[in-house]
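Chemist: Mind looking over this structure? Questions follow.
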């Protein structure tokens, strides 16, 4: 077994594990009041994002929401993971654009090239190579951009702009919330 194979975690399921086991009880979360404060912050963040998207002429705002879901929900808002998440979003959108435009421009040959690009991306994902740009976020954006109604809009650069705007705004929100939490902790003597 090579070093690269040994370094990869074993993702196989133990023989005695139930494939659809109930999730374990979550660790104690925030208080209901803190939850409401966070909810207000989320509402303000969404309003700012929609307003900024409108002001910048970004139409496919769904891409920013998808980015926020992936980065905030799947990656737990990890600031260190944001550059990789954004790079993966851009690559997924770019591959989706290739799947849309190459067949239009070059017919069957274009389709063959686009499908080859997808196969290479899937292989890289399976092998866990190029993980900075090839990961589940990449595949999420690739999948969404291949939905016919989404691809028909053809605004792939707008999708990238939407994801970048969301990344910038949510990074600012994350930094501000961490600073406020740090101040609160310092004021409490902790």
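The values are calculated or read from the model by the stated rules, or taken from the named source; none is laboratory data. Bear in mind the structure is a predicted one, so any value in this text is a computation, not a measurement. Here the Cβ is made from the backbone with ideal geometry for all residues, glycine too, and neighbour counts use every protein chain on show.
Chemist: Right, residue 104: touching a helix residue (DSSP H, G or I) at 6+ places or on another chain (Cβ under 6 Å) and closer than 17 Å to residue 155 by Cβ or not?
Modeler: no
Chemist: With the structure loaded, tell me whether residue 50 is surrounded by 14 or more Cβ atoms within 10 Å (Cβ to Cβ), at pLDDT below 95 and out of contact with any helix residue (DSSP H, G or I) (no Cβ under 7 Å at 6 or more places or on another chain) or whether it fails that test.
Modeler: Considered against the rule, which asks whether it is surrounded by 14 or more Cβ atoms within 10 Å (Cβ to Cβ), at pLDDT below 95 and out of contact with any helix residue (DSSP H, G or I) (no Cβ under 7 Å at 6 or more places or on another chain), residue 50 comes out as no.
Chemist: Further, regarding this structure: Residues to consider are 152, 168; find the one that is assigned to a helix (DSSP H, G or I) and surrounded by 15 or more Cβ atoms within 10 Å (Cβ to Cβ).
Modeler: Unique residue meeting the criteria: 168.
Chemist: What are the residues in the range 85-129 that are surrounded by fewer than 16 Cβ atoms within 10 Å (Cβ to Cβ), without any contact (Cβ under 8 Å) to a residue 40 or more places away in the chain and closer than 21 Å to residue 70 by Cα, if any?
Modeler: Residues satisfying the conditions are 122, 126, 129.
Chemist: Report yes if residue 134 is under 22 Å from residue 58 (Cβ atoms), buried (at least 18 other Cβ atoms within 10 Å of the Cβ) and modelled with pLDDT of 95 or more, otherwise no.
Modeler: no
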